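Just below is one structure, and these are the notes that go with it.
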Amino acid sequence: LKSSNTKSVQLVNALLNVSRIESDKMVFEKKPIDLKQLTQEVVSDEKPSIEASKIFLQILDQTNGRGQVIGDAMKIKLVAQNFISNALKYTKENGQIMVILKRDDGFLKFSVIDNGVGIPSEEKPFIFQKFFRSSNVMRFQTLGSGLGLYVSKYIIDMLGGKIGFESEENKGSNFWFALPIYKS
């Protein structure tokens, strides 16, 4: 019951976010955010899923302790959760996920690299579209709304960042976003 309730709440929240996007009513609070701390919180929240899936997840911080970005903590956390949750859903038992934080030309880049099912080449252009789910993930994992990446792209775009991915079917994916570094 708890799991079913959590999934229902997540779906309602995703639909509410889409509604806010489409009515141009999503509000952003931009301030300095410690991306490493936020990443550790997301991984801690996902710990039961990580352990249940028997997946090895590692955080690699290459920021030399300078990991602040400008953004909205709640919304950036939502994007990080989407990326990590997707990697967990589409990586088989005993798989590996690497979360990498690194500085990149005035931006701080957050990458989630997995050795999961990957995305078929012909479906890559649709990956950030609303309600899109690739054909191979629907065979592998039936749960999902196809809204997480759509909402994630909107959030990162509105925060002045960049978002993208690389993927090869049956080999894995690297989903990433980059946000402007906070300069105090």
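Derivation of every value follows stated rules applied to the coordinates shown; laboratory data play no part. Note that this is a predicted model, so its numbers are computed, not measured. Glycine gets a Cβ as well: all are built from the backbone with ideal geometry, and neighbour counts include every protein chain shown.
Remark: region 148-153, residue by residue, has Karplus-estimated 3J(HN,Hα) of x, 6, 4, 5, 4, 4 Hz, where x stands for each Gly or Pro and the curve is 6.51 cos²θ - 1.76 cosθ + 1.60 at θ = phi - 60°. Size check on region 32-76: the Cα extents along the three principal axes, sorted descending, read 34, 24, 9 Å. Between residue 49 and residue 27, full extension at 0.36 nm per residue minus the direct alpha carbon distance yields a gain of 4.9 nm. Note that region 22-128 carries a Kirkwood radius of 15.1 Å, evaluated over its alpha carbons pair by pair. Both numbers refer to the Cα atoms of region 67-116; Rg and Dmax are 12.3, 37 Å.
With both labels modelled 7 Å from their Cα along Cα-to-Cβ, the residue 123 to residue 169 distance reads 0.9 nm.
If packing is taken as the average number of other Cβ atoms within 10 Å across a peptide's residues, how do 93-105, 77-89 rank, most packed first? Could you put the intermediate results ahead of the total?
Numbers: 93-105: 15.7, 77-89: 21.7.
Ranking, from highest mean packing down: 77-89, 93-105.
In region 60-184, Cα pairs under 8 Å separated by at least six residues give a relative contact order of 32 percent. When peptides 58-68, 172-182, 29-39 are ranked by their average number of other Cβ atoms within 10 Å per residue, the highest-first order is 172-182, 29-39, 58-68. Local charge for residue 149 was computed over the other residues whose Cβ lies under 13 Å away, with Lys and Arg +1 and Asp and Glu -1, and equals +3. Distances between every pair of Cα atoms in region 60-184, grouped in 10 Å steps from 0 to the bin holding the largest one, split as 13, 46, 31, 10, 0 percent.
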